[in-house]
There are 2 protein chains.
Amino acid sequence: MGEALGDFGAVPGKAAPAVQPGPLRARDTSRDGLRNRIEVALLTGLRPVWQFVNRSPALARLCNRVIVNNAVLKVPTRPLALSTGAPYTSWPSLTDHSYFSRYLPPRAGADLPPLDDVAALFRPGADGPRQSPRSTLLFPCFAQWFTDGFMMTDDADRRRTTTNHQIDLGQLYGLRLEVTEALRRRSEQPGQKGRLKSEMVGGEEWAPRLYDAEGRRIPEFAAVPMPLRLPDGMPAERRAGLFAFGGNRANTTPFTAALNTLFLREHNRLCAVLERAWPDWDDARVFETARNINIAQLIRIVVEEYVNHISPYWFNLLADPTVCYKACWNRQNWIPVEFNLLYRWHSLVPERVSWAGRVQPIADMRLDNRLLLQGGLGAAFDEASRTKAWRIGLFNTADFLLPAEQASIQQGRDNQLAGYNDYRAAMGYPRVTRFEQISGDPRVVDGLRRVYGDVDRIEFFVGLLAEDAPPRAGVPGLIGRMVAADAFSHALTNPLLAPAVFNERTFSPQGMQSIRATWRLQHLLDRNAPGSGRASMEQDGAAA
Amino acid sequence: MGEALGDFGAVPGKAAPAVQPGPLRARDTSRDGLRNRIEVALLTGLRPVWQFVNRSPALARLCNRVIVNNAVLKVPTRPLALSTGAPYTSWPSLTDHSYFSRYLPPRAGADLPPLDDVAALFRPGADGPRQSPRSTLLFPCFAQWFTDGFMMTDDADRRRTTTNHQIDLGQLYGLRLEVTEALRRRSEQPGQKGRLKSEMVGGEEWAPRLYDAEGRRIPEFAAVPMPLRLPDGMPAERRAGLFAFGGNRANTTPFTAALNTLFLREHNRLCAVLERAWPDWDDARVFETARNINIAQLIRIVVEEYVNHISPYWFNLLADPTVCYKACWNRQNWIPVEFNLLYRWHSLVPERVSWAGRVQPIADMRLDNRLLLQGGLGAAFDEASRTKAWRIGLFNTADFLLPAEQASIQQGRDNQLAGYNDYRAAMGYPRVTRFEQISGDPRVVDGLRRVYGDVDRIEFFVGLLAEDAPPRAGVPGLIGRMVAADAFSHALTNPLLAPAVFNERTFSPQGMQSIRATWRLQHLLDRNAPGSGRASMEQDGAAA
């Protein structure tokens, strides 16, 4: 299919704007803060300087160290004094990781507008949704799949979480040992050692199915979590397309399933490499070493492809683990509730995608892997890389995701989060005093004023998404700051990257070689679905 | 009872040496290492200099920072690459804290002498045991009680542990929420808020009993762990003396029970203080804040009384949390199996103690709190502070503890620990080449030579205890180094001492005041058993 079919971000039937509109008038930048403005000017300007730095490895590593440390130290560092477990500091609040940590204490009895009025700020206006000028659908798909690995709210108590607070490819391997065991082939036969269970369909490798053709759970996967919110009445044929995956959200869309499949194939490919190099290794060692490598490669892709896509800087950030070896922010991971919440980028997801030559509503693809199995892994990446994302922000969420926005606002209230302005202050931005300092878009300014009346009443989640995204940035400013800080401080502190661990003893020389050769999803796709497609979070020509 | 009764370290019937013998000839110090020798000379000499430093707060804090950092960086820092779970690095070995971490990889197939031959190295010779020149019985009692809070081997699989790797007074509060809940009074009545359950006996406050007068478990304490290795046939009267304590080893001796009781009383005393200052706080907040303070006070006592008793330095080490705020060794706690093992200081424990005017075999006091309940808390501390400990080392373990030594040797073998010399090298000591470099005591040298033949065959646990303790030190050199490193790096990194946490918001002004006033057990005893006794790990006059 041609490029002409690729642009399905806008809702058919509504005119997609020919030119992506920026904010209609200039935002009032008087409360951006002097230091922030200088940093932005230096990092988003001076392109030739940064291009030179990017080409000079030693200089790039030095700049990376300074920029990453500066980014992380913009926010309070762990251990934080509070969790969502109690409004004061206690031994459980310092140690019970089944609660989220939190940056700011709860704000009891806040006077907030009705939920429906706030939720209405997310619905596109009469002129329809806006498209992202830079991102493809693969960007929100990757964000969803990646964060599903370590951000999870406990449905029974929304102050709590089931995460283990690590980037560990739990989507693929499971969060608990029994799940991992159920997914492993467990064979000492050469050619089988270390492998995750898989099956060949249409000449391609896929995870095994969780249900049989009659829609019954397959007993060997009893420990594998149920796909989240699986409807009772789902037809057996569709149910039979669901994969046995470690994470309960990896089947959510064919794109999350495609990403999980890509990492499954990479795991099994790495096993083959290790098995050849180390014929005396047993199944367990091949498995564990392949997992080590797979996780390290994911972290590298996260920083060097995904974070660089989000970042508006000309400097290319590097996944250099040594940056945190002596850093005072290298502390035990613990996902803050604010981080969990600010990562809900629903407005990026378009209503439709072209696939297999037809325009398909994304809402209809939930828990349905049939298109993926028919079209193949390469096609899924190719379509996601050709489809434009929508623009992140208010007044831009597709209908089928509006309930998700409402749930996010409610979760902020359930956790009594402090206001948007309080978080600005905690993260090194001056408090805003006028709505026009948040956005230059009159609709946003008017909407916020109508619903909140006073800038100090604006809720965290809403304020985050109300901000204009800076030019070339994947997300608005405060989200960008908080995402960067938590991403670096949670990813680079992974135990696999620690000084005593990040070496050939842990990964093998073959593993270190593979990690060195992997910093884009395209590398994995070329290895595991050769010649079949493109994996890009960035629209053609947007990098320039 | 008088001082004349206090010296019950030696076994009656054998002549206790009138003068405590040092090593009979000088140890060969040629493999101590130049840097180590310089450090020892500086820190154990220059007494007037250190006395001046001790009196100068700013200078003392600076020296403390340098000395603590130097001590911790003598050993490999966390995260370590290996755990006892597997001989290679894997995701579970980096994250599953139900295994111990480990400093050195397993040494498979080591050629080791028969266990009985090694165990015989612990039995006192014909001239009987030797007494410590410095330590009282309170020293090993505190060591036992303190480490029982965070060092515990899983009896079902001795590679594993049930610890949560934190100093959290789990002996008192329990390691799990259900245990804590069972031990709390849970009352919103003034005068009751935040309290641990307790009862008055003989005018003193004690923990409630775990068994009734007929020896039946009291149902409200169903969640409280069984005292470890409780004999089935224990008479009801003795069983009825056991306390409902959070830790399963806190009842092990009346001295561990006394320490737990002291911290229980302090908890309830702190609740009264907090309740007066903060009448609007609920039960939970009073409880949690008192626990916060109690834990911080324990850590202060550990460093400033206990570690200083072990240390041969003239400089008084300080529990200054800021030392680790930017330290590269401030990483998630994880008890190494070697730390767990090197802390078995059984030879310090004398065979008998004088109590209530009679000489009592300590072996008979196991799981028996009757003497404690009769004599009162002050008397228990007083007797333990008057009784001399035995000298730590080989050929000095009381009969009733020889099985414990044998179990420790076996645990080292079960975990395939590397040899004593390998650990010397890993911790910054040159490998020894002659037995005479380990000890100046001919019996030790001959014993090691007879059993091992070659210095490289000596096991970790045996080598540790074979070393001569330096003058004024509580323990031998390699133990001292490893204990200091792990003690500081596990204690000062407690989340309660972190930059965002160690403040009046967490502890209240009253709590901070109490922490400032608490650096010896004597302070707690004076508050909670006034006028009734002495708490000293150091023999009279030994400090000089």
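We did not get these values from a lab; they are worked out from the coordinates using the rules stated. Values in this document were obtained by computation on a predicted structure and should not be read as measured data. When we count neighbours, we look across all protein chains shown, and the Cβ atoms used for this are built from the backbone with ideal geometry, even at glycine.
For this structure, a couple of remarks:
- A simple spin-label model places the labels of B:Q189 and B:D155 3.8 nm from each other, with each point 7 Å out along Cα-to-Cβ.
- By the beta-carbon count within 10 Å of each Cβ, the least crowded to most crowded order of B:R239, A:R55, fewest first, is A:R55, B:R239.
- Residue list for segment A:327-355, given a label point 7 angstrom along the Cα-to-Cβ vector of B:N69 and an amide N cut-off under 14 Å: A:327-328
- Spatial separation of Cα centroids for segment B:417-469 and segment A:356-408, in angstrom: 67 Å
- Taking the axis that rotates chain B onto chain A, the chain B residue nearest to it by Cβ, with the distance rounded to whole Å, is B:Q332, 2.
- Mean shadow area of the protein assembly as shown, taken as a quarter of the surface of its Cα convex hull (nm²): 46.3 nm²
- Loop-resident sites, segment A:125-207, for GluC sites (Glu not before Pro), counting at most 13 other Cβ within 10 Å (DSSP): A:E188
- Cα-centre dipole for chain A with unit charges at Cβ (Lys and Arg positive, Asp and Glu negative), debye to 20: 1040 debye
- Ordering A:W329, B:P227, B:F461 by the projection of their Cα atoms onto the charge dipole of the protein assembly as shown, which places +1 on the Cβ of Lys and Arg and -1 on the Cβ of Asp and Glu, puts A:W329 at the extreme positive end.
- CD proxy at 222 nm, helix term only [per DSSP H run n ≥ 4: -39500 (n - 2.57); per residue of chain B; nearest 500]: -11500 deg cm²/dmol
- D by Stokes-Einstein for segment A:52-128, Kirkwood Rh over Cα pairs, 20 °C, 1.002 mPa s: 125 µm²/s.
- Pairwise FRET efficiency - B:A58 versus B:L34, Cβ, R0 = 25 Å, nearest 0.05: 0.20
- Packing-based exposure ordering (other Cβ within 10 Å, fewest first) of A:I458, A:I218, A:I38: A:I38, A:I218, A:I458
- Estimated dipole of segment A:38-111 in Debye, rounded to 20 [Cβ of Lys and Arg +1, of Asp and Glu -1, Cα centre]: 380 debye
- Isotropically averaged projected area of segment A:263-357, using the convex hull of Cα atoms (one quarter of hull area), nm²: 11.1 nm²
- 16 Å tail of the calculated P(r), segment B:433-544, as % of Cα pairs: 74 percent
- Using a 7 Å projection from Cα along Cα-to-Cβ, the label point at B:N70 is separated from the same position in the remaining copies by 3.7 nm, smallest value first.
- Across A:K74/A:K326; A:K74/B:K74; A:K326/B:K74, pairs whose alpha-carbon gap is larger than 22 Å: A:K74/B:K74
- For segment A:59-100, the residues whose backbone nitrogen is under 17 Å from a point 7 Å from the Cα of B:W278, taken along Cα to Cβ, are A:81-95.
- Sorted shortest first, the separations between the B:D155 label point and its copies elsewhere in the assembly read 4.1 nm; each point sits 7 Å from Cα along the Cα-to-Cβ line.
- Cleavage-rule hits, trypsin sites (Lys or Arg not before Pro), segment A:178-228, DSSP coil, Cβ neighbours within 10 Å at most 12: A:R216
- For chain A: rounded, prolate or oblate by the Cα gyration tensor [a/c cutoff 1.5]: rounded
- Pair A:R107, B:L402: separation of 7 Å Cα→Cβ label points (nm): 7.1 nm
- Between the C-alpha center of segment A:128-152 and that of segment B:166-242 there is a gap of 53 Å.
- Each of B:V201 and B:Q374 was given a label point 7 Å from its Cα along the Cα-to-Cβ line. The distance between the two points is 1.3 nm.
- For B:D399, inter-copy label distances in nm, listed shortest first [label point 7 Å out on the Cα-Cβ vector]: 8.9
- Taken about its Cα centre, segment A:82-227 carries a charge dipole of about 300 debye when Lys and Arg each add +1 at the Cβ and Asp and Glu each add -1 at the Cβ.
- When the Cα gyration tensor is reduced to axis lengths a ≥ b ≥ c, the ratio a/c is 1.5 or higher for segment A:171-297, and with a/b above b/c it is classed as prolate.
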